[in-house]
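Participant: One structure follows; several queries about it will come next.
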Amino acid sequence: MSLTARRVFATLPLVATLPLSSPQALSQPALEEVIVTAQKRTESLQDTPISIAALDAEALETLGIDDLVDLQGKVPNLQISPHPNSMSTPRIFIRGVGNFDDQITQDPSVAVYMDGVYVARNQGMGLEVAELERVEVLRGPQGALYGRNATGGAINFITRPPTLGEWGFSQTLSGGDRDLFRSRSMVNAPLGDSAALRLAYLVTEQDGFVRNAGTGEDHFGSEDREAMRADLFWQGSEQLDLRYSYDRSRIEDTPYYLNAQPPGSPLNLPDSSNPAVSDLQAHDVTIEGHQVTLRWTPTPDLEVKSISAYREVDSFLYQDYLSGRFGPVASLITRDTLTQEQWSQEFQLLGSALDQRLEYVMGAYYFREDGEWQNRNNLPAFGAATADNADVENRAFALYAQGTWTPASFERRLHLTLGGRWSRDQRDASLGKFALVDGAPIPLGSGTGDKTFTDFSPSLTIAWDIDDDSRVYARVSSGYKTGGFNVRPSTIARFEQGFDEETLVSWEAGIKSQWFNNRLRVNGAVFYADYDDIQINASSDINDPTRADILNAGEGTIQGLELDVTAALHQRLRLGLSYAYLDASYDEIIDGLGNDVTDNYTFINAPDHSLMASLDWDVAALSVGQLSFNLNYSWQDEKAITTSTTQGLFTVEDYGLLNTRLTLAEIPGLPAGSLRIAAWGRNLEDKTWAFLNAPLFGGFRAYGEPRTWGVDITWEY
């Protein structure tokens, strides 16, 4: 942790005592209840026996979270970094479990959901959703309550639904460093007494922080994004309602600048690129989705829900991996094109019985995915250009159920939860490899493959209410990630061989507690996991990042703890602290020749320590409005970034980021509505930090955002 950050947070106890002498200190401060839907029903975070982090709309605004990648550093033991091909393609890891690549033939280890709909592809997942109500991060394997299984965890994005019977409008305009411009608009319109329509539109533009000294786009790492959403809600009766939503996002960001730096060299963020960069191109990603959710409540104790969804991705990604390092002749240009569409249908039964001593969820899920992937690699440094084409068809079916039994004895303090999920996944893929000679494809080989996987993943949770404010629990759960095929293999035979599923069994014990009349909330969990048949991504040529083999070669052990503390120090002052410890190691790795190569591999994106601290201070009610202040600091330990250590251990150095936001709300004198103005700054210490450190051509780094600032103006009616 930096000296500045230590000084800031060392003063927090002193700051906490300053307002206590005011008359307002006589009233009792209290923390607000946090509501989640992680178990498919609305309940308090404190009643949910899972390690979970929840961020509501206010927290998302305060912390400046506009997309999935912005969650990096905000939730300990959650690691998110952009793929070097694209800022909008995130690599997601929870508790050291995740995917390093973004192949359409490989499922992610962390499942992402939008209003309950599984989003299969990471491409374009960095989109800025037009209007979010809440984000929930579930740590550990999930399956008994979700349509898709996951070994690492799940991230749920919950959007704000239309409101019946009232008009509403909001407009936020943001400006700031590097020509930042962001506009977010929303209108809520009643359609009679039983329906409402909510429309939202978002546009974001900002220059990157590395100027392109060559030709093409002006900057590396620029953002150019547009998102829109239409939400229609109809309530036929108190027992029946329907919600239809349509969302569309367009992303035309420019590639990240990959700075040539050998391992162990000091961090060095340049202002501009090598002038030899030639014709830098922007990405072009479009994501669309339709969703229909029908809910019927025939009795007060039973709810039937249907979730139907269709989503599609049309993506072009461009990356100059050498960024002009060796001149225009020795370049490495990749162009990835992906078209993907998915359909899913899920039916759920949620109910209670036996005087609400039994609560249950049952579901059936169907998923279908079709896609085409094309990759063009221009490598004049090797006097070669290559092309890969792949077609995939993925089908999945699952049945899942979970029930919680609360016996009448023990004063209803004991809760026993049993769950399970049966899965069947069928995957078909074909791959063609070509050499490009003067632009003409010359076949090098082709192959096809099909695999079917089945799995049953059970879970068991025992929870005990110590009193009305404290609960302890113990949980064992299993997760499964289907196998598949590798579109970047060393040989066609490796592609046709494919790889099998991986499994993870996790033991977790935790506490959810509130103290001192709800002034202090302490939630913690310790966990231990056995990770088997791990899908290891093994590079076959250190100088060719386009080729790597995936083998079920690993067995590992993951253990650690998570602690979340929130305190209402005063009615105007709140302090939050989240900390995570992670110890992930491979027990055994056997390569394709039967050799034990355990010492040559390490877990990636698994820092030993990570923390997030936040201070919220309602400073004063002034004549010009209500003044509030937020200061937050996130820090993470050093982490490995490449699985194989045969070329040395490539790591991302530890770093901490200090951010702040000053808000003036409830500004008087308006004829209608409410106005608030916020000034914010990120990375206040202007730290130079990297999110990628790779061995290609002697090493390169990709850097995170330097110090930046902005102003938000929001009017709501």
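Participant: What FRET efficiency do you get for residue 240 and residue 32 if R0 is 45 Å and r is their Cβ-Cβ distance, rounded to the nearest 0.05?
Facilitator: 0.90
Participant: What percent of all Cα-Cα pairs in the range 482-640 falls in each 5 Å bin, counting up from 0?
Facilitator: 2, 8, 12, 13, 13, 11, 9, 8, 7, 6, 5, 4, 2, 1, 0, 0
Participant: In whole Å, what is the distance between the alpha-carbon centres of the range 332-407 and the range 22-101?
Facilitator: For the range 332-407 versus the range 22-101, the Cα centre distance is 22 Å.
Participant: One-quarter of the Cα convex hull surface for the chain, in nm²?
Facilitator: 31.1 nm²
Participant: Take every Cα-Cα distance within the range 135-243, group them into 10 Å bins from 0 onward, and report for each bin the whole-number percent of pairs it holds.
Facilitator: Bin by bin from 0 Å, the calculated values are 12, 24, 24, 27, 10, 2, 0.
Participant: In addition: Determine, for 585, 44, 623, the number of other Cβ atoms within 10 Å of each Cβ, and report the residues in order from fewest to most.
Facilitator: 623, 44, 585
Participant: Same structure, new question: Tell me the net charge near residue 303. Cut-off is 13 Å between Cβ atoms, residue 303 excluded, with +1 for each Lys or Arg and -1 for each Asp or Glu.
Facilitator: 0
Participant: Need one number: nm distance between label points at residue 337 and residue 492, each 7 Å from Cα along Cα→Cβ, rounded to one decimal.
Facilitator: Placing both labels 7 Å beyond Cα along the Cβ direction yields 2.2 nm.
Participant: Using modelled backbone amide H atoms (1.01 Å from N, in-plane), which distant-in-sequence or interchain residues come within less than 5 Å of residue 159's amide H?
Facilitator: For residue 159, whose amide H was placed from the backbone, the distant partners under 5 Å are 115, 133.
Participant: Would you mind working out the magnitude of the charge dipole of the chain relative to its Cα centre, with +1 at each Lys and Arg C-beta and -1 at each Asp and Glu C-beta, to the nearest 20 Debye?
Facilitator: 1000 debye
Participant: I would also like to ask the following. Whole-Hz ³J(HN,Hα) for each residue in the range 171-178, computed from phi via Karplus 6.51 cos²θ - 1.76 cosθ + 1.60 with θ = phi - 60°, x for glycine and proline: what do you get?
Facilitator: For the range 171-178, the Karplus curve yields 9, 10, 10, 10, x, x, 4, 6 Hz.
Participant: Which pairs in the list 74/305; 40/512; 433/481; 40/74; 433/639; 305/481 are over 30 Å apart, alpha-carbon to alpha-carbon?
Facilitator: Listed pairs above 30 Å: 74/305; 433/639.
Participant: With the convex hull built on the Cα atoms of the range 349-462, state its orientation-averaged projected area in nm².
Facilitator: If I average the Cα hull's projected area over directions, I get 11.1 nm².
Participant: Sticking with this one: Based only on other Cβ atoms within 10 Å, what is the fewest-to-most ordering of 240, 164?
Facilitator: Ranking 240, 164 by Cβ neighbours within 10 Å, fewest first, gives 240, 164.
Participant: Follow-up question, since we're still on this one. So which aspartates and glutamates pass the test for residue 687, namely a Cα distance under 13 Å, with those fewer than 8 places away in the same chain ruled out?
Facilitator: 653, 654, 705
Participant: Then there's this: Over the range 224-360, how many percent of alpha carbon pairs lie in each 10 Å bin up to the one with the longest distance?
Facilitator: Result returned by the calculation: 10, 23, 20, 16, 14, 11, 6, 0.
Participant: Could you tell me the center-to-center distance, by alpha carbons, between the range 431-468 and the range 677-707 in angstrom?
Facilitator: So the two Cα centres are separated by 31 Å.
Participant: Moving on to the next point. According to a simple spin-label model (label point 7 Å from Cα along Cα-to-Cβ), what is the distance in nm between residue 666 and residue 517?
Facilitator: According to this spin-label approximation, the distance is 2.2 nm.
Participant: Counting other beta carbons within 10 Å of each residue's own, what order do 310, 257, 113 fall into, fewest first?
Facilitator: Fewest-to-most ranking of 310, 257, 113: 310, 113, 257.
Participant: Where both residues lie in the chain, what percent of DSSP beta bridges are antiparallel, nearest 5?
Facilitator: Around 100 percent antiparallel, to the nearest 5.
Read-outs: derived from the displayed coordinates by stated rules, not from any lab. Because the structure is a prediction, the values reported are computed rather than measured. Glycine gets a Cβ as well: all are built from the backbone with ideal geometry, and neighbour counts include every protein chain shown.
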